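Student: Pasting a structure below so you can have a look.
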Amino acid sequence: MGKPTGFIEFTRALPDRRSVAERVQDFKEYIKPYSAEKLNQQAARCMDCGVPFCHNGCPLGNIIPEFNDAVYSNNLEEAYQILSSTNNFPEFTGRICPAPCESACVLGINQPPVAIEEIEKHIIEIAFEKGFVKARKNNISTGKKVGVIGSGPAGLAAAAQLNAAGHSVTVFERDDAAGGLLRYGIPDFKLEKWIIDRRIDLMKEEGIVFKCKANVGVNVSINDLLREFNAIILAGGSTIPRDLLIEGRELNGVHFAMDFLKQSNKIVANKNPFENKQTESNILDKLVSAKNKNVVVIGGGDTGSDCVGTSNRQGAKNVTQFELLPKPPESRTPLMPWPNFPMILKTTTSHEEGVERHWAIATKAFIGDEYNNLKALKIVDLEWKVAEDGIPASFVEIANSEREIPCELALLAMGFIHPQHKGLLNDLGVELDARGNVKATEKDYKTNIAKVFVAGDMRRGQSLVVWAISEGRECARKVDEFLMGSSLLETKDESVVNELIYFK
């Protein structure tokens, strides 16, 4: 490494942020960039650790020590080339990835880990600023056509890779703009939408065709696509949310988190939130707003956190977040050894903006007023029994802990159970696994339907954006092999091996 003593000289330091009082007034990004000196210091912390476990921690196999060394040496174009060799969209992962690479950082054994995610974001933003990022126009054409259904991170990654291999790629998106979960599921304060538009424009320049408001199985026939394309990739994501079917579920004021977030994102984008509505939930044509309401978010994950941040920006009276599971530890335990990703307490910037967090709580009923509007929740405390491996195994309700709390807006953020079956998947007749996902193996990503492949959350279930990108890349290679008999597209494993051959 360029500075072997860097990890001794510098400690981990994240970029400055706009104050809470300022940032909750808008939906703009709130993290400020590093200075050139600070970026250099943070890259210098990457050690010459011998075995870089960060490679294994990253689902994409990003070649992290090498791009850190290039940043420290001020070879930013080289840093971009290294980073983009494994990651199609570092501007996305550099903002919204939980950074499992940092959990696997060797320095993290006894010091704060290297700020890999922030360095990654800075590399790609500097690359765009300096003009290093250019459309990769392919001078060869295989004459093969591939249709990608879904324009989330898995679909976009698959499209980018197959286009680079010389195939003609068309991406079908049921909403009014490409991006999938990135566009309408993630609030702008985490990922402003011009960042997505910048990448989509680049992909269009490279020759990829995007068809929006094209809902395959509804207003686009899958049989027509099967006739037109040599291969099809299903990348529609895991979109059916987990429900809470208890008394009062039908009340006005009880909504799925994604309905709430999608409406908010469309309003921020100055769009009609009811146009091209794809959900069949109880949102109907009513605007869901947190303004001046007691908001309760049921679910303690990232989607729940996004609801907290959005509710505060909409002017909620107060925000409470419930989690069914017990409160996780604040640091690793013997049951969470390095370099495994630890299930520890996560406090997000949305939490810092104002929320009451409670664990081991079950919601028993939604309580309404005479107008069928939500006014309160009936809740109860839980006592959990933990198994020997540290995983909560079962619970009982604590006697005399049942109570009611005021609530005019309840947001269900309990995850997603499987992709939408009605329409496309049922029409195709694809085989599903026991969880309701499209069945395919990691070996070939093939479904039981000829020339139809699947990638991302639609195959593996609800997961991370970085895993979706990895799935899209791996699936693209299998499609390329199917079409051509072999493929020059890299796999994750090959990217780590090629580091020794190409970058050393």
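Read the figures in this text as sums done on the coordinates, not as results from a lab. Just so we're clear, the structure is a prediction, and the values are computed from it rather than from any experiment. Here the Cβ positions follow ideal geometry from the backbone for every residue, glycine too, while neighbour counts run over all protein chains shown.
Student: Write down the percent of antiparallel bridges among all DSSP beta bridges whose residues are both part of region 243-414, to the nearest 5.
Tutor: Details: 16 of 34 bridges.
Here the share of antiparallel DSSP bridges comes out near 45 percent.
Student: Let me ask something else. Straight-line reach from LYS213: which aspartates and glutamates have a Cα under 15 Å away, not including same-chain ones fewer than 8 places off?
Tutor: GLU173, ASP175, ASP176, GLU275
Student: While we're here: With the Cα gyration tensor of region 74-220 in hand, convert its eigenvalues to equivalent ellipsoid semi-axes via √(5λ) and list them largest first in whole Å.
Tutor: 29, 19, 14
Student: Would you kindly state how much longer the chain becomes between VAL51 and GLU330 on full extension, computed as 0.36 nm times their sequence separation minus their alpha carbon distance, in nm to one decimal?
Tutor: 97.7 nm
Student: Between LEU488 and ASN138, what is 0.36 nm times their sequence separation minus the Cα-Cα distance? Round to one decimal in nm.
Tutor: In short, 124.6 nm is gained.
Student: Based on the Kirkwood radius over alpha-carbon pairs, what is the Stokes-Einstein translational diffusion coefficient of region 147-241 at 4 °C with 1.567 mPa s viscosity, in µm²/s?
Tutor: Using the Kirkwood radius from Cα pairs, D works out to 96 µm²/s.
Student: Just the isolated ones, please: cysteines in the chain lacking another cysteine beta carbon under 4.7 angstrom.
Tutor: Within the chain, the cysteines lacking a partner Cβ under 4.7 Å are CYS46, CYS49, CYS97, CYS105, CYS212, CYS307, CYS407, CYS475.
Student: OK, next. Report the dimensions of region 191-257 along its three principal axes from the alpha-carbon atoms, largest first, rounded to Å.
Tutor: That gives 51, 35, 17 Å along the principal axes, largest extent first.
Student: Would you calculate the volume per residue, in Å³, of the smallest convex hull containing every Cα atom of region 360-504?
Tutor: 207 Å³
Student: Quick one: plug the Kirkwood hydrodynamic radius of region 243-414 (C-alpha pairs) into Stokes-Einstein at 4 °C, 1.567 mPa s, and report D in µm²/s. Don't skip to the answer; put the middle values down first.
Tutor: Working: Rh = 17.2 Å.
Result for D is 75 µm²/s.
Student: Let me ask you something else. Rounded, prolate or oblate, given the Cα gyration tensor of region 397-444, with a/c below 1.5 counting as rounded?
Tutor: Prolate is the answer for region 397-444, as a/c is 1.5 or above and a/b outweighs b/c.
Student: For a Förster distance of 35 Å, can you work out the FRET efficiency between the beta-carbons of ALA21 and VAL380, rounded to the nearest 0.05? Numbers along the way, then the final one.
Tutor: Numbers: r = 35 Å, r/R0 = 1.01.
Given R0 = 35 Å and the Cβ-Cβ separation, E is 0.50.
Student: Given the DSSP H assignment, sum -39500 (n - 2.57) over each helix run of at least 4 residues in the chain and divide by its residue total; what's the result at 222 nm in deg cm²/dmol, nearest 500? Could the numbers behind the result be given before it?
Tutor: Values: 20 runs with 165 residues, N = 504.
Using -39500 (n - 2.57) per qualifying helix, the result is -9000 deg cm²/dmol.
Student: At a 10 angstrom cut-off on C-beta neighbours, averaged per residue, how do the peptides 455-463, 353-361, 169-177, 421-429 rank from highest to lowest? Spell out each step's value before the answer.
Tutor: Details: 455-463: 25.3, 353-361: 18.0, 169-177: 22.4, 421-429: 16.0.
Per-residue mean Cβ counts within 10 Å order the peptides as 455-463, 169-177, 353-361, 421-429.
Student: With an 8 Å Cα cut-off and a minimum separation of 6 or more residues, compute the relative contact order for the chain in percent.
Tutor: Once normalised by length, the contact order is 17 percent.
Student: Dividing the Cα radius of gyration by the Kirkwood radius, what Rg/Rh value follows for region 6-134?
Tutor: 0.96
Student: Okay, moving on. Work out how far the C-alpha atoms of region 91-164 reach from end to end along every principal axis, then list the three figures in whole Å, largest first.
Tutor: For region 91-164, the Cα extents along the three principal axes come out at 54, 29, 18 Å.
Student: How large is the convex hull of the C-alpha atoms of region 1-47 per residue, in Å³? Don't skip to the end; give the middle numbers.
Tutor: On the way: hull volume 3.7 nm³, N = 47.
Hull volume normalised by residue count: 78 Å³.
Student: Further question: Tally Lys/Arg at +1 and Asp/Glu at -1 over every other residue whose Cβ is under 12 Å from the Cβ of ALA316; what's the total?
Tutor: That works out to +1.
Student: Which order results if PHE322, PHE10, PHE92 are arranged by neighbouring Cβ count within 10 Å, fewest first?
Tutor: PHE10, PHE322, PHE92
Student: I would also like to ask the following. First measure r as the distance between the Cβ atoms of ASN340 and LYS439, then evaluate 1/(1 + (r/R0)^6) with R0 = 41 Å and state the FRET efficiency to the nearest 0.05.
Tutor: 0.90
Student: Please compute the Cα-Cα pair-distance distribution of region 343-395 with 10 Å bins starting at 0, giving whole percents from short to long.
Tutor: 18, 30, 35, 14, 2
Student: Still on this structure: Need the full-extension length gain, CYS212 to ASN426, defined as separation in residues times 0.36 nm minus the C-alpha distance. One decimal, nm.
Tutor: Length gained, CYS212 through ASN426: 74.9 nm.
Student: Taking every pair of alpha-carbon atoms in region 145-184, what share in percent sits in each 5 Å bin, from 0 to the bin with the longest distance?
Tutor: Spelled out per bin, shortest first, that is 6, 28, 33, 19, 10, 3, 0.
Student: Provide the percentage of antiparallel DSSP beta bridges, counting only those with both residues in the chain; round to the nearest 5.
Tutor: If we restrict to bridges inside the chain, about 40 percent are antiparallel.
Student: Along the principal axes of its C-alpha atoms, what lengths does the chain span, in descending order and rounded to whole Å?
Tutor: Principal-axis extents of the chain (Cα, largest first): 68, 62, 47 Å.
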